[in-house]
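Quick notes on the structure that follows.
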Amino acid sequence: KLDDPEQAAEYLTACYEEGPDVFLVGLRDVVEAQGGIARTAELSKLNRENLYHLFSQTGNPRLTSLNSVLTALGLKATFEAAA
């Protein structure tokens, strides 16, 4: 149920812990579950082509782009001290 922000947040946290490549694949999964690239582009005010590149294997998202996508998905990045 990646269309639910709570479930999406848990999923993305697990993906992030696996590494940046896994995180971007996970983020793409969440985007697709929540209406796809076109909807996310509209909500985030980002260009669709840029989003496709962001989610590609060669994508290297800027923090501002990543934050825009997360906001469009109803999510936010948080940090905690390492155990």
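The values are calculated or read from the model by the stated rules, or taken from the named source; none is laboratory data. Computed from a predicted model, the values in this text were never measured in an experiment. All Cβ positions, glycine included, derive from the backbone under ideal geometry; neighbour counts span all protein chains shown. All accessible areas refer to the heavy atoms of the entire protein, side chains included, with ligands and DNA or RNA removed. Shrake-Rupley method; radii C 1.70, N 1.55, O 1.52, S 1.80 Å.
Among A81, A9, F55, whose Cα projects farthest towards the positive end of the dipole of the chain, with charges put on the beta-carbon of Lys, Arg (+1) and Asp, Glu (-1)?
Final value for the positive-end residue is F55.
Mind listing the phi-derived Karplus ³J(HN,Hα) values for the range 21-26, rounded to whole Hz, using 6.51, -1.76 and 1.60 with θ = phi - 60°, and x for any glycine or proline?
Going residue by residue, I get 5, 5, 4, 5, 5, x Hz, with x marking Gly and Pro.
By what distance, in whole Å, do the Cα atoms of the chain stretch along each of the three principal axes, largest value first?
Its Cα atoms span 38, 27, 18 Å along the three principal axes.
For the chain, what is the mean residue ellipticity at 222 nm derived from helices alone (per DSSP H run of n ≥ 4: -39500 (n - 2.57); sum divided by total residues; nearest 500 deg cm²/dmol)?
Working: 5 runs with 54 residues, N = 83.
Helices in the chain give a 222 nm mean residue ellipticity of -19500 deg cm²/dmol.
Starting from the chain, pick out the trypsin sites (Lys or Arg not before Pro) whose DSSP state is loop and whose Cβ has at most 12 other Cβ atoms within 10 Å.
Working: sites: K1, R28, R39, K45, R48, R62, K76; in loops: K1, K45, R62, K76.
When the trypsin sites (Lys or Arg not before Pro) of the chain are filtered for loop state and at most 12 Cβ neighbours within 10 Å, K1, K45, R62, K76 remain.
Using a 1.4 angstrom probe and counting only protein chains, how large is the accessible area of T71 in Å², to 10?
90 Å²
With charges only on Cβ, +1 for K and R and -1 for D and E, what is the dipole size of the chain about its Cα centre, in debye, rounded to 20? Can you show the working numbers first?
Values: 7 positive and 12 negative charges, 85 e Å.
Roughly 400 debye for the chain.
With θ set to phi - 60°, apply the Karplus curve 6.51 cos²θ - 1.76 cosθ + 1.60 along the range 30-36 and write out the HN-Hα couplings as whole Hz, x wherever there is a Gly or Pro.
Ordered by residue, 3J(HN,Hα) equals 5, 4, 5, 5, 9, x, x Hz.
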